[in-house]
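Worksheet for the structure shown next.
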Amino acid sequence: MIEVEHLTKRYGPTTAVRDLSFTVRPGHVTGFLGPNGAGKTTTLRMLLGLVAPSGGTATVDGHSFRHHPRGLRHVGALLDAHDVHGGRSARAHLRALARSNRIPAGRVDEVLAEVGLTGTAARRRVGTYSLGMRQRLGIAGALLGEPPVLLFDEPLNGLDPEGVLWVRELFRRLAGEGRTVFVSSHLMSEMEHTADQLVVIGRGELIAAESLTEFAARGTAPTVTVRTPDAGALTMVLTAAGAEVSTYDEETLRVSGVSAGRVGELAFEHRFLLRELTTQAASLERAFMELTADSVEYLAGADAGEARGAGAELREVRR
């Protein structure tokens, strides 16, 4: 189990992590989400003792990682797939890790087979690897000591679709074995298919620590998309029925406040031709955009206005 309590990290006048507290429990894949610059990597590095906190604690099973002898037997981590000596082969790299942590040498070939780096790939110099192969090697290193706790920072970068599916199934299996699996990622669609719990931060502060379902439900309610050649007239009918209507283009409307079924009934009653009637359900991505709108460090053009506007609307509703 991972426990973070009032964790803070300052770099001069900049506070990267501020009074952060959360718990990551075994038996779950917990996604660690936040905009760029939110403090995710700094938090993971403090968990591993690579960065000293300015305040608070970050512990694994009640102890600082520094106090765990033979660390790879307690925590396996992939923080940077490029942090490997390029002149070594994959097998040599893992053998060095195994020796330093008193892990049987036979375990090296087991994890290489598990991540798909066997034969020639295992003997190649890491400097010749693609990013996807480096990610697989990093995952092999994390699994080497069969630890109960695993940390991964953006492990899907550089993987092809087959690799993404493999990682998704791997994380689920590890959690099913009762391990603690903590995964930082910016890929909302993947987290939606992989994680069952979330820790979400922005500007170094906690935004949410809850199940994926609970977090996604905090976003905007489902909306209905309607396409009709009589958009103006249908807008008047829907508004009179209590719906809120906005316009995508001359024929397409976004409707909230009534169900798709009710929109269809009103269109039928008033003889409107519909070319599209679909429901856009609440999603992790939409909830993430809304709830982190004020925490995004860099926003571009229309995306900035949309994200901040969505966040403002949500805060107004909650007052």
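Numbers below:
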quantity	calculated
Scan of segment 271-290 for residues that are in a loop (DSSP other than H, G, I, E, B), surrounded by 13 or more Cβ atoms within 10 Å (Cβ to Cβ) and at pLDDT 90 or above, ordered by number	F272, L274
Residue match in segment 19-36 (condition: in contact with a Gly (Cβ under 9 Å, 6 or more places away or on another chain) and charged (D, E, K, R))	yes
Among (1) over 26 Å from G202 (Cβ atoms); (2) acidic (D, E); (3) surrounded by 16 or more Cβ atoms within 10 Å (Cβ to Cβ), the one test that E3 misses	(1)
L79 closer than 17 Å to N157 by Cα, among the aliphatic types (A, V, I, L, M) and exposed (fewer than 14 other Cβ atoms within 10 Å of the Cβ)	no
Condition check for T247: surrounded by fewer than 13 Cβ atoms within 10 Å (Cβ to Cβ), in contact (Cβ under 8 Å) with a residue 12 or more places away in the chain and of a type outside the set (D, E, K, R)	yes
Qualifying residue in segment 30-47 (condition: within 25 Å of E177 (Cβ to Cβ), part of a loop (DSSP other than H, G, I, E, B) and assigned by TED's automatic domain parsing to the domain that holds L198)	no
F65 being buried (at least 17 other Cβ atoms within 10 Å of the Cβ), out of contact with any Gly (no Cβ under 9 Å at 6 or more places or on another chain) and aromatic (F, W, Y)	no
Condition met for A77 (under 24 Å from S184 (Cβ atoms) and at pLDDT 95 or above)	yes
Selection count where residues are buried (at least 23 other Cβ atoms within 10 Å of the Cβ) and either in contact (Cβ under 8 Å) with a residue 40 or more places away in the chain or under 27 Å from E192 (Cβ atoms) (or both), scope segment 41-51	2
Boolean, T57 is part of a strand (DSSP E or B), within 29 Å of S211 (Cβ to Cβ) and among the hydroxyl-bearing types (S, T, Y)	yes
Pair list, Cβ < 8 Å and 6+ apart or interchain, from segment 153-166 residues that are free of Cβ contacts under 8 Å to residues at least 24 places away in the same chain to residues that are hydrophobic (A, V, I, L, M, F, W, C)	none
Selection status of S185, without any contact (Cβ under 8 Å) to a residue 40 or more places away in the chain and farther than 10 Å from L284 by Cα	no
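So that you can scan it fast, the table gives a plain yes or no per residue for (1) more than 30 Å from L165 (Cβ to Cβ); (2) touching a residue at least 40 places away in the same chain (Cβ under 8 Å); (3) among the small types (G, A, S); (4) surrounded by fewer than 18 Cβ atoms within 10 Å (Cβ to Cβ):
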position: L20; (1), (2), (3), (4): yes, yes, no, no
position: P35; (1), (2), (3), (4): no, yes, no, no
position: P53; (1), (2), (3), (4): yes, yes, no, no
position: G56; (1), (2), (3), (4): yes, yes, yes, yes
position: V60; (1), (2), (3), (4): no, yes, no, no
position: H74; (1), (2), (3), (4): no, yes, no, no
position: G106; (1), (2), (3), (4): no, no, yes, yes
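The values are calculated or read from the model by the stated rules, or taken from the named source; none is laboratory data. Worth saying up front: this structure is predicted, and the values here are computed from it rather than measured. Note: ideal-geometry Cβ built from the backbone for every residue, glycine included; neighbour counts use all protein chains shown.
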